[in-house]
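Reading through the structure tokens given below for one structure.
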């Protein structure tokens, strides 16, 4: 009986520590995303101007490349699925929720844990975000009435969650696994930044390429929902895959791939890793 108060105190302390670390991860992720979007804003702006149908009118002043970036910085801290991905991914790994968590930091179980925790984080965030995204994109009247309206909020959620799971699994899994073989993983200097960015760029590009077919199907399925069902071109995700492959060829699944799309996510991963290294790894 005398141990009961001590056990309760330990549980409360552990819960507070978990909440603190989750909030810390969220804030680090938000700050990394805000800084990363600021650093890559000129690239995004340049690509928009370059692919504009009219003759591009490049900004006369450099600061115009960051037009609208303040809103992106604010959105990085307020409920943001990208930032929640970082926090939830680290929470899953920290609490050892997965049964194959390995003691060996470079073992098979460790690698699987990196991929699965990233995929689960992406799937959870996407499942929560999806109905709100549907409400913002489409008129509520298009979703039906009664219970049909609520089920309509999750119409197309399957392919969307799968896309997020595949992308985040590769994005986080590759980066966190390769990080352990990086001899400069705890270096806060230039070598650490360059080596971590190289790994992050590889992870970001690989995730973007591997997820491109699923992402293409997801976009097609979402785009047709703005029309009435009798005007839809695809009956399901599988039907969409078959028709694209038959009518447009396999190259259509990778249309729109640009290296510039992977720079921002790679920078965010690097900044997050460096901040984590500075706050936690240096204490070990």
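Among the residues making up region 136-162, those that are farther than 14 Å from residue 85 by Cβ and at pLDDT 70 or above are 153, 154, 155, 156, 157, 158, 159, 160, 162. More than 12 Å from the chain's Cα centre (by Cα), under 29 Å from residue 20 (Cα atoms) and at pLDDT below 65: is that true of residue 90 in this structure? The answer is no for residue 90.
One residue stands out in region 241-260 among those that are within 20 Å of residue 207 (Cα to Cα) and crowded, with 17+ Cβ neighbours inside 10 Å: the one that is nearest to the chain's Cα centre (by Cα), namely 253. Taking the criterion of being in a helix (DSSP H, G or I) and under 21 Å from residue 119 (Cα atoms), the only residue of region 179-195 that qualifies is 179. Scanning region 177-198 for residues that are within 18 Å of residue 29 (Cα to Cα) and modelled with pLDDT of 90 or more gives 193, 196, 197. Looking across region 163-180, the residues that are over 14 Å from residue 201 (Cβ atoms), surrounded by fewer than 22 Cβ atoms within 10 Å (Cβ to Cβ) and touching a helix residue (DSSP H, G or I) at 6+ places or on another chain (Cβ under 7 Å) come down to 166, 177. Based on what the data block shows, is residue 215 modelled with pLDDT of 90 or more and assigned to a helix (DSSP H, G or I)? No; evaluated as a whole, the condition is false for this residue. What about residue 238, is it surrounded by fewer than 18 Cβ atoms within 10 Å (Cβ to Cβ) and either in contact (Cβ under 8 Å) with a residue 40 or more places away in the chain or out of contact with any helix residue (DSSP H, G or I) (no Cβ under 6 Å at 6 or more places or on another chain) (or both)? For residue 238, the condition - surrounded by fewer than 18 Cβ atoms within 10 Å (Cβ to Cβ) and either in contact (Cβ under 8 Å) with a residue 40 or more places away in the chain or out of contact with any helix residue (DSSP H, G or I) (no Cβ under 6 Å at 6 or more places or on another chain) (or both) - is met. The set of residues in region 220-235 that are loosely packed, with under 14 Cβ neighbours inside 10 Å and part of a helix (DSSP H, G or I) comprises 223, 226, 229, 230, 231.
The values are calculated or read from the model by the stated rules, or taken from the named source; none is laboratory data. Not measured: the values here are computed from a predicted model. Counting neighbours? That spans all protein chains shown, and the Cβs are built from the backbone with ideal geometry, glycine included.
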